[in-house]
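Below you'll find the structure, written out as structure tokens, and then a few comments.
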Amino acid sequence: MSIAANLSEIKFRIPTGVTLVAVSKTKPVSDLLEAYRAGQRIFGENKIQEMAEKAQQMPSDVEWHMIGHVQTNKVKYMAPFVSLVHGVDSLKLLVEIDKQAKKHHRVQPVLLQMQIAEEETKFGLSEHELLELVESDEFKSLKNIEVKGLMGMATFTDNQQQIKKEFTYLKTQFENLKTHLPDISILSMGMSGDYSLAIECGSNMVRIGSSIFGHR
Ligand SMILES: *Cc1c(COP(=O)(O)O)cnc(C)c1O
């Protein structure tokens, strides 16, 4: 199937109100252009340098989402143009994003990443760390970032009950966080293998790569 056909199939399956991030990491610009010509405008990358290089070659109305783990020393390379940073999991990183955004006179939209999977390897905040972060005075003093919501990745497993439990947990955290941050609106969860389940559990932003562009 072509990229355009894959995209229309996915759009058919996701309801209005759910935003599709086309995850184009490792794929050539020619593939991204094919998706662009089929109407896709939001692309997700997990390496800052790769995203910056592709951004120079793609039309300027593309929205770039950084979905991977962010290294503090590389924030400056995405600060001028990135639309949404999904994987923010420390105050230190937020402080750097704020600092770089300020240099570009921007308010940077970000998502806080929570650790919802059973595997210890995945990045993200625990419930305790999340609350500690958003209640801290330093967080409240940051003027050039805007927390838009939460992001999480479920355990890589075939066990649907396990995945459902993790997505439901993240949805609950998202609703609870509204007590502290009433304006949050984005819940980023769901990838190629689990996006339908994620949407059932309350996701309104899915990050889909291989089902659009093929295996990496
Ligand atoms: C690669 C990646 C995706 C997309 O994964 P697919 O299984 O190819 O859809 C989604 N989210 C993150 C954080 C990723 O790194």
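Bear in mind these aren't lab numbers, they're just calculated from the coordinates by the rules spelled out. Note that the structure is predicted; figures quoted are calculated from it, not measured. In this analysis, Cβ positions are derived from the backbone assuming ideal geometry, glycine residues included, and neighbour counts consider all displayed protein chains.
What to note about this one:
- The mean sequence separation of alpha-carbon pairs under 8 Å and at least six residues apart, normalised by the residue count of the stretch 101-216, gives a relative contact order of 23 percent.
- Anisotropy class of the chain from Cα gyration tensor, a/c 1.5 cut: oblate
- Lysine pairs meeting the criterion (Cα under 15 Å, 8 or more apart or interchain), as found in the stretch 23-122: 13
- Antiparallel DSSP beta bridges within the stretch 87-216, as percent of all bridges there, nearest 5: 0
- Taking GLN115, GLN160, GLN173 in turn, the Gaussian network model of the chain (Cα-Cα springs below 10 Å) assigns the largest fluctuation to GLN160.
- Additional length obtainable on full extension of the chain from LYS103 to HIS128, 0.36 nm per residue less Cα span: 5.9 nm
- Here the Karplus relation 6.51 cos²θ - 1.76 cosθ + 1.60, evaluated at θ = phi - 60°, turns the backbone of the stretch 69-79 into coupling constants of 6, 9, 8, 3, 6, 9, 4, 4, 6, 9, 3 Hz, with x for every Gly and Pro.
- A Gaussian network model of the chain, with springs between Cα atoms under 10 Å, assigns the largest mean-square fluctuation among VAL88, VAL29, VAL110 to VAL29.
- In plain terms, the residue of SER83, SER188, SER60 with the fewest other Cβ atoms within 10 Å comes first and the most crowded comes last, giving SER60, SER83, SER188.
- In the chain, helices alone account for a calculated mean residue ellipticity at 222 nm of -11500 deg cm²/dmol, with every DSSP H run of four or more residues adding -39,500 (n - 2.57).
- Tensor-based shape of the stretch 1-128 (alpha-carbon gyration tensor, a/c under 1.5 rounded, otherwise prolate or oblate): oblate
- Highest mobility in the GNM of the chain, judged by mean-square fluctuation with C-alpha springs under 10 Å and restricted to MET153, MET58, MET78, is found for MET58.
- Count, lysine Cα pairs under 19 Å in the stretch 138-182, 8 or more residues apart or across chains: 5
- Extension gain (nm, one decimal) between THR26 and LYS11, 0.36 nm per residue minus Cα-Cα: 3.2 nm
- P(r) tail for the stretch 107-183: Cα pairs beyond 16 Å make up 52% of the total.
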